Every structure is written in structure tokens, then in C-alpha cells.
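Down below is the structure, laid out as C-alpha cells.
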Amino acid sequence: MSTNNQTDPKKGDDQKRAVQLNQVPPLPGDEGKMSDSLKWFAFVSYGVGHVLNDLVASMWFTYALVFYHYVMQLSSINAGAVVLVGQLTDAVATAAIGVLSDNANIYCTDRYGRRKTWHLFGSVLVFISLPFAFSPPILPQVESSELNTALYYCFFIVFFQIGWASIENSHMALASDLTPIRDERTALLSIRYSFTVFANILVYVVTYIVLRSNNASKTQFGPSERKEFQIVILVIMIVGAMTTIIFHIGVREPLINNRVNRQLLMTETEAERAANSVWSMFKSFTLYQTAVVYMCSRITVNMTLVFLPMYLQDFLKLEAEKLALLPLIMFVSSFCMSLLNKPMNMKLGRKYTYSFGVMLSLGSAFWCYIGEGDTFSKYQIYAVTIIIGIACSVVLVTSQALTTDFIGDRTHRGAFTFGLMSFTDKVCNGAVVMAVQSLHCNSCPSYYRDVMVYNWTIPSCLAFIAVISLPYGGRPRLVVQEVPETHSGGNQHAEQSKKHSIEKGQEALPSNVVKS
């Protein structure tokens, strides 16, 4: 009896490790498990937890250059510099918050949840600073010079980008904390993207209504649209506050996962501890492949939002209301596609699904390049935006799913991993915006058309090469996993777990993903 009592704790640790690595449902009585965390309300609550960020991102990527260049009358270079400052701040903050979110064990964070605490911190910063970033300066003397105006906006942009990074990093890492099962993580990312599309649609609908009600629909953007931007920001603040409250009420972060991770790390050998360390990731070539896929996917999506309004206004010469209507149509198509992302990933696998998105992106680029004349600007442009909306949905969700696959069971470094991925995409996004604005040619009518074509081709091709060379992400396969027998009812539970995994078609993540 004494011998059995001594070995029981070790068996318990082995069983918990098997639950994490083999994705078998925990035994009844365990706390913080996915079956309790993902009730339907918690599932929806997780999805709305990023709505505030999505609303802000829609305004930032779609209308930042429009607001600072056309409304506030900053030069192309200064407007690009303001966006670059925001992107660099976001990149540094995302990486730093990723490290703190994974390693800072403060009493309040351990009680409330590390991810939710950082999410709340970021939400407060966004609510405080965002209104100032998209409103005329509160001090009239700020507009006495263009440099003062640019510095004024940079000041508030730094704070709201730190808050934005905190929300994004914590929310993405929480998907890995909530479940170790690949298909459930994909479902979480799909519901998250569905609400992302909803948030973007809301921004464009509100902008469209505001522009029409203020008789701005027949003109292009200019200084007279300052009031319209303030109305849109007010709507964003109200909706963002409601969804943030729902997230913090409905999602229960599985705190037991944090404690189990620390307990398992304490029992590891030196070799295992070295393999589990954050720095060991940099020895894995898969990290860099995944980073390229994530970065290129984000560039495709974000730069489409940034330069599509410029392309519509400068090249196609469309009226202001179309700058809200066409992005709205794009995100409606993205929303419809988001409903198919999970089944496509389950049936086809990550690689085939991502390749489908790449083909759509290249097709949109070709159509945009050859399209010209009234027929294209009045009719065909709608088809182009629908196709690119579908492509953006596919590549973004699949790249995020590939990142969670790379994290595997190493959730103790999940926030750092997402922070690292986000760091690369934010730096590149900022560099692209600054380069495009610096090289802007006033005498080149097709400048922004060429920018859109390059944005849909170069990142897509790079990401495609990285995806097809990944050691994981192929067609899913059924696996049968068994839990080590630890008590008299062990065989019965193992049979139930086996049946459960076959019925759901879950795929255990490959060992080369969860180990560096």
C-alpha cells in the first residue's frame, strides 16, 4: 500500500501530461478543462472579446491615412510617419506584453487570470486614448504647424497601440489556454474572426450612414469630415464597452492550466526544461516558417484595409460613400467565408485551405491589374472586393490556426509566441506603409493600383512557399489515444475517450510541433 501511495502522484502527473499531449478529455472531477470552459455562452463570449480591437483596427487600417492626410491635411510622408509610429509601438508592446503575460505571476493575475488581466489593462488604455487619436486637437495652437499636429497624434497613438497590443496578445494566447484540441482551437479562431468581420461591417455601415446623412456622399474626403469621424468613434466606444464586459463575464480562464504547467515544469529534467524554454523556440526552423506565414497573411489583410480607400479615391476617383460601401461588401464576403473555415481546415487540412486563399488573392491581383474604364469602376470592382474578402478570411484564420498548432501543448509560452509573430507583422506593416507613402508619385495615376497588385501577389507567394514546406498542416487523420490506467475505472474511461476522439475526428498535433 505504501508503495502505491508513493507512486500515485507521479501517475497523476503522467496522466495530466497525457491529457495535454494526446488531447484526451480529462477525467471527471478535474478543474479548468475544456468541457467546462466552452459552454455556448463562454464560446460566444470569447468571440466578442476581440471586438473592441477589431473596431479600432478597422478604423486604424482603413481610415488612418485618410484621416491624417485628407482630413487633417498632413503631407503624405508625415501621415505615413504617424502610422509607422503606431505600428512600431504596437510591435514592441506586443512582444513585451507577451513575455510579461507568460511569466508575470502576480496575485491578482493568478486569481483573475493572466490573460484576462492584461486584456482588461489594454481595454482601459484604448478607451482613454482612442478618442483623441481620431478627433481634432483639443488645443487650437497644436495645428499651428504640421509637425506639432503629427507629434500630438503620435502621443495618443502610442498609448492606444499599447492597449491594442495587450488585448490582441492576451486574447490570442487564451485560445491555446482554453483547449489543447486542434479542432476546438480552430473553432475558437473561427468565431473570433466571425466577430472580427462583424466589427468591420459595423464600422463601414456606420461610416456609410454618417456620410450620407451629412451630405458627404457626393464628394471625396476633406477637412469638412472631422465631425463624421467623431461620431464613428463614439459608436465604436459604446459597442466596444459592451462586448468587453460580456467577455470578462462569460469567459472563465482555466487557472488550473497555469498551475499544472508550473507543476510539470518543476518535475522536468534539465533536458526537458531546456526544450520547454522560450529561447529554445529560436532553434526550431519551423518557428521561422510559421512566422513568415503569419506575417505575410497579416500584410495581405492589413495593407488591403490601408490602401483600398486610397486606391478607390486616387485611382478610380470614386465618391466618399464608396470608400465605406466597398470595404463593407468585402467584409460581408469574409463573414460568409468565416463560416466555412473550420470545416475546410478539418477536411482539407491547413495547407490545402491556405493554398485556396492564395489562389484567390492572386486572381484578385490579376483582375485589378487588367481592369480599367467605367465598367470596371462601376461593376467589376465589386466582384474583386468580394473575392479578396474571401481570400483574406481564409489566409488569416488558417495562419492563426497554424500558430496555435506550433504552440501545441506549450501554453506557458503561448503569449510570447503570438507576440513574436505579431512583432514581425507590425514592423513589416509599418515599413510598407512608410515606404509606399514616401515613394508616392503625384504624377502616377496608377500608383495605388500597383500597390494593391503587389500587396496581393508578393506576400501570398512567400506565404505559399512557407506553408507547403511546413512539417505539419496536411490532411487531418484520425488518431486513437489512450489514458494510462490509474484506477479501477481506467479501462472504461479510456474506451470512452477513444470513442470520443474518433467521433469528433480530432487530430493530435505532431510531436515536432509541440517540441522544439
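The values are calculated or read from the model by the stated rules, or taken from the named source; none is laboratory data. Because the structure is predicted, anything quoted here is derived from the model rather than measured. Neighbour counts run over all protein chains shown; Cβ positions are idealised from the backbone, glycine included. We work out accessible area using only protein heavy atoms, side chains counted, and drop any ligands, DNA or RNA first. Shrake-Rupley method; radii C 1.70, N 1.55, O 1.52, S 1.80 Å.
Here the stretch 313-416 has an Rg and Dmax of 16.8, 55 Å, counting Cα atoms alone.
Since only N148, W164, L84 are under comparison, the one whose Cα sits farthest along the positive direction of the charge dipole of the stretch 44-169, derived from C-beta charges on Lys, Arg, Asp and Glu, is W164.
When all protein chains stay in place and ligands, DNA and RNA are ignored, the 1.4 Å accessible-area order of R111, R185, largest first, is R111, R185. Could you compute the FRET efficiency for S224 and H248, with r as their C-beta to C-beta distance and R0 at 41 Å, rounded to 0.05? Working from the Cβ atoms, E equals 0.55. Fully extending the segment from W40 to I77 would add 8.6 nm, taking 0.36 nm per residue of separation and subtracting the current Cα-Cα distance.
Per-residue surface analysis assigns Y288 an accessible area of about 110 Å², computed on protein heavy atoms at 1.4 Å probe radius. Taking label points 7 Å from Cα along the Cα-to-Cβ direction, F376 and S284 give a separation of 4.4 nm. Placing R0 at 45 angstrom, the Cβ-Cβ distance between Y454 and E146 gives a FRET efficiency of 0.95 after rounding to 0.05. Sorting 135-143, 172-180, 76-84 by average packing, meaning the other beta carbons within 10 Å per residue, from highest down gives 172-180, 76-84, 135-143. The phi torsions of the stretch 173-187, fed into the Karplus equation with coefficients 6.51, -1.76 and 1.60 and a -60° offset, translate into couplings of 5, 5, 4, 6, 6, 6, 7, x, 8, 4, 5, 6, 5, 4, 5 Hz, rounded to whole numbers, with Gly and Pro shown as x. The 3J(HN,Hα) values that the Karplus relation (6.51, -1.76, 1.60; θ = phi - 60°) gives for the stretch 316-328 are, in residue order, 8, 6, 7, 6, 4, 5, 5, 6, 9, 5, 5, x, 4 Hz. Gly and Pro appear as x. Beyond 25 Å in Cα-Cα separation lie the following of the pairs K39/K116; K227/K317; K39/K342; K227/K322; K283/K342: K283/K342.
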